[in-house]
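Report on the structure given below.
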Amino acid sequence: GAVVSQHPSRVICKSGTSVKIECRSLDFQATTMFWYRQFPKQSLMLMATSNEGSKATYEQGVEKDKFLINHASLTLSTLTVTSAHPEDSSFYICSARKAWDRGNEQFFGPGTRLTVL
Amino acid sequence: DQQVKQNSPSLSVQEGRISILNCDYTNSMFDYFLWYKKYPAEGPTFLISISSIKDKNEDGRFTVFLNKSAKHLSLHIVPSQPGDSAVYFCAASLSSFGNEKLTFGTGTRLTIIP
């Protein structure tokens with residue numbers, strides 16, 4: 001199997017607060033995890049690539065100080081949205097690649113709906 | 001700049017018939033392609049992939065065709081079933097190895113009519 005979980009599935013917070021989203025690979029080890037966000041009726045936009053034990057690589061236009069990513073173990077990566085504002089409201093999805101896997105398939109979590117009031 | 005395009009935002013197909021979803025890309029360096037299926041408020045589910053060294057890959061009811069000269073790929077689903085109703089994303093990568101990121105298309109909403 002290749003199951004990826006995300007927690008929480010839904011979060012509502014006040015503007016200015018920070019929110020942490022967890023992404024876990026439940027039945028495999030993942031050296032690399034990816035964080036995406038999706039706006040309504042749009043494609044998945046890659047935010048950053050997270051490698052276990054090293055700093056994340058952010059896509060152009062993504063503020064690394066606002067979207068803090070930590071990949072402390074082979075099964076867990078976290079995304080912290082700092083000082084959240086209403087424009088950060090979105091659907092955040094993580095994915096993971098299996099360690100030692102020759103293929104490039106990514107296995108996705110169920111997503112987290114963030115609403116900033 | 002949208003490097004991976006799915007020009008049909010929606011498609012309706014009769015149950016039992018063939019569903020054909022199309023995808024075009026502009027970056028000739030892409031050499032690995034994937035199709036994902038996504039239900040609302042859920043993460044995408046991997047369906048099938050194809051390397052650029054092949055022009056066809058089949059897995060059960062799903063077949064992906066790749067035309068490198070046209071920079072075009074398609075996903076065929078036959079026979080189509082009501083449970084296939086979802087949004088389908090194609091994705092492209094620069095390599096089938098390593099930690100290459102995926103570039104996603106904008107998606108096609110497939111509706112199977114019973």
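The values are calculated or read from the model by the stated rules, or taken from the named source; none is laboratory data. For clarity, every value in this text was computed on a predicted model and none was experimentally measured. Glycine gets a Cβ as well: all are built from the backbone with ideal geometry, and neighbour counts include every protein chain shown. The area values use the complete protein model at the heavy-atom level, side chains included, leaving out ligands, DNA and RNA. Shrake-Rupley method; radii C 1.70, N 1.55, O 1.52, S 1.80 Å.
Structure data summary
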| item | result |
| --- | --- |
| Scan of the stretch B:1-20 for residues that are in a strand (DSSP E or B) and modelled with pLDDT under 95, ordered by number | B:V4, B:K5 |
| Residue that is open to solvent by less than 20 Å² (accessible area, probe 1.4 Å) and within 22 Å of B:S93 (Cα to Cα), where the choices are A:A96, A:A2 | A:A96 |
| Hits in the stretch A:58-73 - residues which are within 22 Å of A:K98 (Cβ to Cβ) and surrounded by fewer than 17 Cβ atoms within 10 Å (Cβ to Cβ) | A:N70, A:A72, A:S73 |
| Given (1) at the interface with chain B (Cβ under 8 Å from one of its Cβ atoms); (2) in contact with a Cys (Cβ under 9 Å, 6 or more places away or on another chain); (3) within 16 Å of A:H7 (Cβ to Cβ), number of the condition A:T78 does not satisfy | (1) |
| Members of the stretch A:28-51 that are in a loop (DSSP other than H, G, I, E, B), open to solvent by 20 Å² or more (accessible area, probe 1.4 Å) and more than 9 Å from chain B (Cβ to nearest Cβ) | A:F28, A:Q29, A:F39, A:P40 |
| Only listed residue being over 10 Å from the mean Cα position of the chain (by Cα), modelled with pLDDT under 95 and open to solvent by 20 Å² or more (accessible area, probe 1.4 Å), chosen from A:S54, A:S15, A:S25 | A:S54 |
| Hey, B:F62 aromatic (F, W, Y), open to solvent by 50 Å² or more (accessible area, probe 1.4 Å) and within 23 Å of A:G1 (Cβ to Cβ) or not | no |
| Residue ID - nearest to the other protein chains (Cβ to nearest Cβ), chosen from residues in the stretch A:13-27 that are assigned to a strand (DSSP E or B) and not hydroxyl-bearing (S, T, Y) | A:C23 |
| Which listed residue, of B:F33, B:F46, B:F65, is in a strand (DSSP E or B), in contact with a strand residue (DSSP E or B) (Cβ under 9 Å, 6 or more places away or on another chain) and modelled with pLDDT of 95 or more | B:F65 |
| Yes/no for B:Y25 being of a type in the set (F, W, Y), open to solvent by less than 70 Å² (accessible area, probe 1.4 Å) and away from chain A (no Cβ under 11 Å) | yes |
| Residue count for the stretch B:67-114, restricted to those that are more than 9 Å from every other protein chain (Cβ to nearest Cβ) and either open to solvent by less than 40 Å² (accessible area, probe 1.4 Å) or free of Cβ contacts under 8 Å to residues at least 60 places away in the same chain (or both) | 23 |
